[in-house]
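The values are calculated or read from the model by the stated rules, or taken from the named source; none is laboratory data. Please read these numbers as outputs of a predicted model, since none were measured by experiment. Please note: Cβ atoms are built from the backbone with ideal geometry, for glycine as well, and neighbour counts cover all protein chains shown. The area values use the complete protein model at the heavy-atom level, side chains included, leaving out ligands, DNA and RNA. Shrake-Rupley method; radii C 1.70, N 1.55, O 1.52, S 1.80 Å.
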Amino acid sequence: MIATGPTYSFYYKSPAKDDLKLKEKNWRRIISSFASFMFKDPNNTSVVYPNLEAVIGALRYQLATNKPELGAQIFSVTGNIYQKYLDSKRALGEVPDQDELAKLRDDLGIAMRDAQKPAAIKKSGAVFGAGKFEDLVVDELMGYLKQRYADDALFRKIMDAVKAQLVRLVAYSATADTEMTGTIGTDGITVTGKNLLGRAMMKLVGLK
């Protein structure tokens, strides 16, 4: 199906607005790449990633570098980035302040995003092939998105509404755009950028 409905951007700091009429104002944040969900690597289900940003980072290495093993090492829950997050979470105590906990989750997403930037990949000694990644990543993301769709009732409800309303989703970045993100034009319709993450989310529910 062609997405002929409204065009909405989403990211981890999206403003609260119940565009989908689900009585869920934070739906854009809920589907963002920083949202918490334990994704299992389909090639080794003992490897788990704490959010979709970590999945994307791992896929950069696995699909398009000469050091695919670094994907799980850096971005899984056993990696240094997530372990540092756990240390910070424990420091908040047994009953953490929810605002402080939310900030920690955002910081985790930012750290996962920063760890996959070109300079970070270069520092690891890996060689990244952007074209190969772009050709393969949307299909690879499908398996991960299907996990969340199957196991997360709220995510499924949101994505079903996206499908029913023929919504076009655009993954937004407040910093530098990547191949995963796009920008909505001033007309509210035109999308610039490759928007591979937005396209993958739409493909999950049969939209293009």
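Can you list the HN-Hα couplings for region 63-68, worked out from phi with the Karplus curve (6.51, -1.76, 1.60; θ = phi - 60°), rounded to whole Hz and with x for Gly and Pro?
Going residue by residue, I get 8, 9, 10, 8, 10, x Hz, with x marking Gly and Pro.
Given Ala164, Gly129, Ala119, which one lies farthest toward the positive end of the charge dipole of the chain, if we put +1 on the Cβ of every Lys and Arg and -1 on the Cβ of every Asp and Glu?
It is Ala164.
Cα-Cα over 20 Å: which of Lys40/Lys146; Lys89/Lys117; Lys17/Lys203?
From Lys40/Lys146; Lys89/Lys117; Lys17/Lys203, over 20 Å: Lys89/Lys117; Lys17/Lys203.
Report the calculated FRET efficiency for Lys89 and Met1 (r = Cβ-Cβ distance, R0 = 35 Å), to the nearest 0.05.
After rounding to 0.05, the efficiency reads 0.30.
When only Cα pairs under 8 Å and 6 or more residues apart are kept, what is the percent relative contact order across the chain?
The value is 25 percent.
Write down the Kirkwood hydrodynamic radius of region 54-94, to one decimal in angstroms, obtained as one divided by the mean of 1/r over all alpha carbon pairs.
The Cα-based Kirkwood calculation yields 10.9 Å.
Once label points are set 7 Å from the Cα along Cα→Cβ at both Asn44 and Leu101, what is their separation, rounded to one decimal in nm?
Between Asn44 and Leu101, the label points sit 3.1 nm apart.
For region 46-52, take each phi angle, set θ = phi - 60°, evaluate the Karplus expression 6.51 cos²θ - 1.76 cosθ + 1.60, and give the result in whole Hz per residue in order, putting x for glycine and proline.
7, 8, 10, 10, x, 6, 5
What value does region 52-208 have for Rg/Rh, both radii from Cα atoms and Rh as Kirkwood defines it?
0.99
Residues with amide H under 5 Å of Val170's amide H, sequence separation 5 or more or different chain, H placed in the peptide plane at 1.01 Å from N; which?
Result for Val170 returns Tyr8, Ser9, Phe10.
Roll a 1.4 angstrom probe over the protein heavy atoms and tell me the percent of accessible area of region 88-191 that is carbon or sulfur.
That share works out to 54 percent.
Hey, how many Å between the Cα centroid of region 67-128 and the Cα centroid of region 141-183?
21 Å
Could you derive backbone 3J(HN,Hα) for region 176-189 from the dihedral phi with the Karplus parameters 6.51, -1.76 and 1.60 (θ = phi - 60°), listing whole Hz in sequence and x where the residue is Gly or Pro?
Whole-Hz 3J(HN,Hα) from phi for region 176-189: 7, 5, 10, 5, 7, 10, x, 9, 7, x, 5, 7, x, 10.
What Rg and what Dmax come out for region 46-120 when only alpha-carbon atoms are used, in angstroms?
Radius of gyration, then largest Cα-Cα span, for region 46-120: 13.1, 43 Å.
Kindly state, to the nearest 0.05, the FRET efficiency for Asp177 paired with Lys25, given R0 = 25 Å and r defined as their beta-carbon distance.
Taking R0 as 25 Å, the efficiency between Asp177 and Lys25 is 0.45.
Where the Cα atoms of region 1-145 are projected onto their three principal axes, how long is each span, largest first, in whole Å?
48, 46, 29
Can you give me the accessible area per residue for the chain, using a 1.4 Å probe, in Å²?
Heavy-atom accessible area per residue stands at 52 Å².
What share of the DSSP beta bridges in the chain is antiparallel, in percent to the nearest 5?
So the antiparallel bridges amount to about 65 percent of the total.
Under the definition of Cα pairs under 8 Å and six or more residues apart, what whole-number percent is the relative contact order of region 78-165?
Contact order relative to length: 16 percent.
Can you tell me the dipole magnitude for the chain around its Cα centre, using point charges on the Cβ only (Lys, Arg +1; Asp, Glu -1), in Debye to the nearest 20?
With only Lys, Arg, Asp and Glu charged at Cβ, the dipole is about 280 debye.
If you take every residue apart from Thr175 with its C-beta less than 12 Å away from the C-beta of Thr175, what net charge results, scoring Lys and Arg +1 and Asp and Glu -1?
+1
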